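Following: one structure in structure tokens, then a few remarks.
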Amino acid sequence: MTRIIKSLLPAALAVLLAGCSMQVTDRNTARYRVALVAKSEDAEFWKAVIVGAEAAATEYNMQLTVSAPDNEENYDEQNRLIEKAVEDGAQAIVFSAIDYEANAAAIDAAAAAGVTIIGIDSAVHSDHVAAYIGADNYGAGQMAAQSALDGTEGKLCVGLINYEVNGANGRDREQGARDTLAESGRAEIIDAVSTHPDSQSAYRDALTMLRAHPEINVLIALNETTAVGAAQAVEQLHRTDDLWLAAFDSNIQTLDALQSGAADALVIQNTYGMGYFGVESAFKLLAGQGSSVEKSSITTTRIITRDNMFAMDKQKALFPFG
């Protein structure tokens with residue numbers, strides 16, 4: 001009996017291995033090809049988005065490629081990356097628009113080629129976006145302004161540091177902040193600037209603004225790079241005690257600024273979720289499960305200050321991979 005069992009084992013093992021190989025081959029054959037075309041691969045914001053996208057691609061056994069232009073102003077390069085994704089056979093593109101209008105034609109062309117389009121973070125002016133996942137950017141701007149209203153007394157003299165004037169999310173955040181400040185009846189916007197999307201440009205522009213208008217006692221910086229630059233300017237001018245800085249996004253510099261007093265509030269988005277749900281939505285749409293995908297999904301946004309930054313739920317928002 002032992003000899004019979006031993007003689008059957010190799011054949012049985014071969015059958016099992018053949019079955020396993022067939023399953024893997026079948027999955028690879030059915031694997032969908034998805035391209036994530038981001039605004040950047042360098043900022044912590046986008047690194048978290050990419051990690052989320054990669055997690056979903058692994059979970060749903062999808063082939064994912066990631067690309068981004070050399071800076072967050074280069075919408076022409078983004079358009080070329082969209083075209084390349086189509087040429088390379090992407091079945092879906094997960095996309096965040098640098099320019100609401102200037103990216104639209106490339107997205108329309110990709111959709112006309114049969115590619116499923118999922119927007120994340122910043123919208124594009126196209127009717128061919130099958131689903132959008134991102135923060136309520138207007139509401140996020142309101143949150144930043146409200147933090148200053150709640151955290152200070154008396155009249156607010158406000159400076160706004162924005163970016164990507166043609167990007168939908170920067171535009172919506174600024175409008176949310178402006179409307180909330182106007183409704184308060186005790187705030188005046190002294191100056192507003194649109195800077196390049198890098199911290200050094202934001203630093204120089206924030207310094208210029210604060211030196212020209214020393215009466216400014218509230219500064220609102222509307223994304224990660226402007227937040228870093230604005231905090232550096234506040235520290236340079238020794239304004240940590242008499243100026244409220246509300247800023248966006250979490251990285252080492254913004255967290256240090258929050259603890260040191262250079263920043264007073266951070267608006268934190270669910271960046272990981274944008275990447276994850278963007279790719280997950282691509283899978284569901286490609287797999288014929290479109291009825292389970294919402295046309296627009298709003299991810300969670302939180303306001304974090306020095307008073308609450310060590311609370312467990314806020315720590316999870318600040319350090320989603322910890």
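Just give me the residues in the range 196-221 being in contact with a strand residue (DSSP E or B) (Cβ under 6 Å, 6 or more places away or on another chain) and over 19 Å from residue 152 (Cα atoms), in sequence order.
First pass over the range 196-221, keeping only residues in contact with a strand residue (DSSP E or B) (Cβ under 6 Å, 6 or more places away or on another chain): 197, 201-202, 205-206, 209, 213, 215-221.
197, 201, 202, 205, 206, 209, listed by residue number.
Could you say whether any residue in the range 152-172 is in a helix (DSSP H, G or I), surrounded by fewer than 18 Cβ atoms within 10 Å (Cβ to Cβ) and out of contact with any Gly (no Cβ under 9 Å at 6 or more places or on another chain)?
So far as the range 152-172 goes, no, none of its residues is in a helix (DSSP H, G or I), surrounded by fewer than 18 Cβ atoms within 10 Å (Cβ to Cβ) and out of contact with any Gly (no Cβ under 9 Å at 6 or more places or on another chain).
Of all residues being part of a helix (DSSP H, G or I) and charged (D, E, K, R) in the range 230-273, which is nearest to residue 158 (Cα to Cα)? Just the residue, please.
Pass one, the range 230-273, residues part of a helix (DSSP H, G or I): 230-236, 252-260, 271-273.
Narrowing the set further to residues that are charged (D, E, K, R) leaves 235, 256.
Details: 235: 17, 256: 23 Å.
In this case the residue turns out to be 235.
Any idea which of (1) under 30 Å from residue 117 (Cβ atoms); (2) out of contact with any strand residue (DSSP E or B) (no Cβ under 7 Å at 6 or more places or on another chain); (3) touching a residue at least 24 places away in the same chain (Cβ under 8 Å) is the one residue 285 doesn't satisfy?
So residue 285 meets the others, but not (2).
Being without any contact (Cβ under 8 Å) to a residue 40 or more places away in the chain, out of contact with any helix residue (DSSP H, G or I) (no Cβ under 6 Å at 6 or more places or on another chain), over 30 Å from residue 276 (Cα atoms) and of a type in the set (A, V, I, L, M, F, W, C) is the requirement here; does residue 182 meet it?
yes
Check off (1) at pLDDT 95 or above; (2) in contact with a Phe, Trp or Tyr (Cβ under 9 Å, 6 or more places away or on another chain); (3) farther than 24 Å from residue 64 by Cβ for residue 247 and give me the number that stays unchecked.
Against the list (1) at pLDDT 95 or above; (2) in contact with a Phe, Trp or Tyr (Cβ under 9 Å, 6 or more places away or on another chain); (3) farther than 24 Å from residue 64 by Cβ, residue 247 comes up short only on (2).
The values are calculated or read from the model by the stated rules, or taken from the named source; none is laboratory data. None of the values given here were measured: they were computed from a predicted structure. All Cβ positions, even for glycine, are placed from backbone atoms using ideal geometry, and neighbour counts span all protein chains on display.
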